[in-house]
């Protein structure tokens with residue numbers, strides 16, 4: 001679940017930092033997914049928000065490098081997610097977050 005969560009978090013950050021004002025419906029949906037992943041990670045890691053912050057830091061989600069967030073793989077993953085059918089992405093998120101358990105990375109690429 002952490003793999004898809006990372007893509008969601010990067011899409012959210014790309015939208016905020018690189019495409020502000022564009023795709024408001026998509027960005028609102030991504031932000032909603034990101035909060036659901038936040039809640040899941042915190043709830044299933046003993047309730048400590050520091051675990052979430054540590055995870056995001058380990059994924060380079062705190063990067064201040066504008067080109068890293070806006071270009072290359074990170075920027076293109078935003079476009080890829082935006083092109084996905086709403087129901088497909090909704091189902092993927094719903095399925096991953098349906099059962100509580102220790103957050104694990106798995107394989108989503």
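The values are calculated or read from the model by the stated rules, or taken from the named source; none is laboratory data. The structure displayed is predicted, hence computed values, not measured ones. Cβ atoms come from the backbone with ideal geometry, glycine included; neighbour counts cover every protein chain shown.
Some observations on this one:
- Remark: pairs (first residue in the range 92-103, closer than 20 Å to residue 30 by Cα; second residue assigned to a loop (DSSP other than H, G, I, E, B) and at pLDDT below 90; Cβ separation under 8 Å; 6+ apart in sequence or on different chains) = 96/1; 97/1; 103/1.
- Of all residues in the range 64-109, exactly one satisfies the criterion of being exposed (fewer than 10 other Cβ atoms within 10 Å of the Cβ), in contact with a helix residue (DSSP H, G or I) (Cβ under 8 Å, 6 or more places away or on another chain) and either modelled with pLDDT of 90 or more or not in a loop (DSSP other than H, G, I, E, B) (or both), namely 100.
- Unique residue being in a helix (DSSP H, G or I) and buried (at least 16 other Cβ atoms within 10 Å of the Cβ) when the list is 61, 52: 52
- Tallying residues that are in a loop (DSSP other than H, G, I, E, B) and closer than 14 Å to residue 104 by Cα within the range 40-49 yields 2.
- Just one residue in the set 25, 12 is surrounded by 12 or more Cβ atoms within 10 Å (Cβ to Cβ), without any contact (Cβ under 8 Å) to a residue 60 or more places away in the chain and part of a helix (DSSP H, G or I); that residue is 12.
- Positions within the range 30-44 being touching a residue at least 12 places away in the same chain (Cβ under 8 Å) and in contact with a helix residue (DSSP H, G or I) (Cβ under 7 Å, 6 or more places away or on another chain), in sequence order: 30, 31, 33, 34, 36, 37, 38, 41
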